[in-house]
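Enquirer: This structure is in structure tokens; I'll ask about it shortly.
The values are calculated or read from the model by the stated rules, or taken from the named source; none is laboratory data. Model, not experiment: these values are computed from the prediction. With ideal geometry, Cβ positions are generated from the backbone for all residues, glycine too; neighbour counts draw on all protein chains shown. For the accessible areas, the whole protein counts, side chains as well, though only heavy atoms, and no ligand, DNA or RNA atoms are used. Shrake-Rupley method; radii C 1.70, N 1.55, O 1.52, S 1.80 Å.
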Amino acid sequence: MRLIVLEGLDGAGTTTQARRLVEHVRASGGKAHGTREPSDGPIGKLIREMLTGGHVIPGQQICQGTFGLLFAADRLDHLQREVEPQLAGGVLVVSDRWYHSSLAYQGTGADRDWIAMLNGRARKPDLTIFLEVRPEVAAARRVAAGRVQELFEDVRMQEEVAAGYEATIAELTAAGERIETIDGEATPDAVFAAITKLVGV
């Protein structure tokens, strides 16, 4: 039973590399399942709507604490509905984001200890791979891809998130969690080669 998580700023390439890893494992005869957060479950769908401007409060921004609660609820629902059944079946699960994102993103505008407490029952990944990309590089990639900017994607916010990831990784590795950082600005093939080496597939 292995849960592999890919993390990074929006535009770091986590979605592309997670998909490639699942395809690679399957092509090699293994069993793999790709997933993401926010999930495709009911709470995850609500979060995605809110991130793209749905359910706005006229004249106000939705507070970070609300997102912290929703992401934590989605994570436990995601575990029960999708992740744990796959792991129980002997399938390698590859998730595009996990609680590290909540600590890095919501931790910029809400109390980090509170966010950590909310996620205290979430399963720890067997391996987390952080694709390190500078905020300006990630922003240029999002523009090149023609993506609609989401709530957390302006460059200044992403600079805060990058600092949040740095603090999160330091704290969690000190607590014994396995988190590996690779250069997300390398070519996609070089990034993928580094990922497969770490995963051992």
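Enquirer: Looking at (1) within 16 Å of I4 (Cα to Cα); (2) free of Cβ contacts under 8 Å to residues at least 60 places away in the same chain; (3) open to solvent by 30 Å² or more (accessible area, probe 1.4 Å), which is the only condition I182 fails?
Expert: The one condition I182 does not meet is (3).
Every residue, every condition in (1) touching an Asp or Glu at 6+ places or on another chain (Cβ under 7 Å); (2) among the aliphatic types (A, V, I, L, M), yes or no:
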position: L51; (1), (2): yes, yes
position: I57; (1), (2): no, yes
position: Q60; (1), (2): no, no
position: L69; (1), (2): no, yes
position: L76; (1), (2): no, yes
position: R81; (1), (2): no, no
position: E84; (1), (2): no, no
position: V93; (1), (2): no, yes
position: A122; (1), (2): no, yes
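Yes/no matrix, rows are residues, columns are (1) touching a strand residue (DSSP E or B) at 6+ places or on another chain (Cβ under 8 Å); (2) not in a loop (DSSP other than H, G, I, E, B):
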| residue | (1), (2) |
| --- | --- |
| L6 | yes, yes |
| D10 | no, no |
| L21 | yes, yes |
| T35 | yes, yes |
| P38 | no, no |
| G54 | no, no |
| G68 | no, yes |
| R81 | no, yes |
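Enquirer: Right, something else. Tell me, which residue of the range 88-111 that is in contact with a helix residue (DSSP H, G or I) (Cβ under 8 Å, 6 or more places away or on another chain) and without any contact (Cβ under 8 Å) to a residue 40 or more places away in the chain is surrounded by the most Cβ atoms within 10 Å (Cβ to Cβ)?
Expert: Narrowing the range 88-111 to residues in contact with a helix residue (DSSP H, G or I) (Cβ under 8 Å, 6 or more places away or on another chain): 92-110.
Right, trim to without any contact (Cβ under 8 Å) to a residue 40 or more places away in the chain and you get 99, 102.
Numbers: Y99: 25, S102: 27.
It comes out as S102.
Enquirer: While we're looking at this one, here's another question. Return yes or no: is G30 at positive phi and surrounded by fewer than 16 Cβ atoms within 10 Å (Cβ to Cβ)?
Expert: Details: at positive phi: no; surrounded by fewer than 16 Cβ atoms within 10 Å (Cβ to Cβ): yes.
No.
Enquirer: Go through (1) at pLDDT 95 or above; (2) closer than 23 Å to F192 by Cβ for R75 and report which single condition fails.
Expert: Tallying (1) at pLDDT 95 or above; (2) closer than 23 Å to F192 by Cβ, R75 fails exactly one: (2).
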